[in-house]
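Since the structure comes first, as structure tokens, the remarks are kept for the end.
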Amino acid sequence: MRKHHNKLYYGKYRYKTVFEMPGSLMFYPTTDKQLSWIKKEYPDAPNMNKLADFIMQHRDSMRFRMQDKKAIFYTNESMSEDLIRSFADYHVKTEVVDPKFGLTDKNTVGCDRLPHGKYQYQVHLKKDVHKYINETEREALREFIERNIDNCLITNKFVLDFLEDRSPHCYHGYFYVQDEKFLTPIYMIAQKGIDKVIKFVEVK
């Protein structure tokens with residue numbers, strides 16, 4: 001089932017796995033000290049011990065919280081599957097967030113795969129960009145992209161025609177940039193003509 005934005009996913013923890021576990025409230029506070037105490041006090045409760053071990057082992061690779069009688073985990077897919085296998089009798093549901101809803105920055109987009117397999121940035125030009133950059137800046141931008149053809153990609157016809165001087169106008173469009181290091185020279189060349197830069201984050 002797909003769910004929209006939830007801040008606890010933090011963009012990379014796309015799987016929300018929920019369990020109803022007896023004694024889960026005893027896990028609060030979920031410090032290693034508290035979990036070790038549970039293991040010591042309840043040696044004959046294998047599921048509680050297993051849960052305590054799992055949290056201590058994977059604490060830095062997930063987010064989790066105890067709520068009423070529920071244990072809720074925010075993880076990647078493989079860890080969600082491990083949890084379900086380990087605590088199948090208590091599993092209630094698993095939800096998956098679409099990656100585009102997993103990030104809070106409006107100019108950052110989560111994706112299963114980077115555009116064209118490798119481009120991290122999408123540089124959007126201003127509406128009527130031909131009114132904001134002069135001929136020298138237009139030519140400099142074209143030359144920079146051509147020199148870095150393995151790291152920059154133009155797929156938009158309007159941008160391509162404008163930069164290659166086949167059209168004096170460009171009313172909208174964007175191009176792709178592979179790495180952040182190429183954004184600085186692009187801004188130096190054509191900052192007045194740039195509307196925004198979208199960053200793509202590959203979410204596994």
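What is the calculated FRET efficiency for Lys199 to Arg85, with r their C-beta to C-beta distance and R₀ = 41 Å, to the nearest 0.05?
Details: r = 35 Å, r/R0 = 0.86.
So, using R0 = 41 Å, E works out to roughly 0.70.
Using only the alpha-carbon atoms, how far is helix 32-41 inclined from the longest principal axis of the chain? Give it as 0 to 90 degrees, nearest 10.
Around 20 degrees separate the two axes.
At most 12 other Cβ atoms within 10 Å and a DSSP loop assignment: could you name the chymotrypsin sites (Phe, Trp or Tyr not before Pro) in the stretch 140-204 that fit? Could you put the intermediate results ahead of the total?
On the way: sites: Phe144, Phe158, Phe162, Tyr171, Tyr174, Phe175, Tyr176, Phe182, Tyr187, Phe200; in loops: Tyr171.
Sites meeting the loop and neighbour criteria: none at all.
Where nothing but the Cβ of Lys and Arg (+1) and of Asp and Glu (-1) is charged, how large is the charge dipole of the chain around its Cα centre, in debye to the nearest 20?
Rounded to the nearest 20 debye, it is 600 debye.
For the chain, find the longest principal axis of its Cα atoms and tell me its angle to the long axis of helix 77-86, 0 to 90°, nearest 10.
Helix 77-86 and the main axis of the chain meet at about 10 degrees.
Going down the table (Lys40/Lys70; Lys50/Lys106; Lys69/Lys199; Lys70/Lys118; Lys16/Lys126), which pairs top 28 Å between alpha carbons?
Going by Cα-Cα distance, Lys50/Lys106; Lys69/Lys199; Lys70/Lys118; Lys16/Lys126 fall outside the 28 Å limit.
Can you report the principal axis dimensions of the chain using only the alpha carbons, biggest first, rounded to whole angstrom?
Sorted from largest, the Cα extents of the chain read 78, 30, 24 Å.
Would you mind checking the tilt of helix 135-147 against the longest principal axis of the Cα atoms of the chain, expressed as 0 to 90 degrees and rounded to 10?
50 degrees
Normalising by the residue count of the chain, find the relative contact order in percent from Cα pairs under 8 Å and 6+ residues apart.
27 percent
Which FRET efficiency, nearest 0.05, do Lys39 and Glu77 yield, Cβ-Cβ r, R0 25 Å?
Using R0 = 25 Å, I get an efficiency of 0.35.
Going by C-beta contacts inside 10 Å, put Lys131, Lys126 in order with the fewest on the left.
Neighbour counts put them in this order, fewest first: Lys131, Lys126.
Bear in mind that the values in this text are calculations on the coordinates, not laboratory data. The structure displayed is predicted, hence computed values, not measured ones. Heads up, the Cβs are rebuilt from the backbone with ideal geometry, glycines too, and the neighbour counts pull from every protein chain shown.
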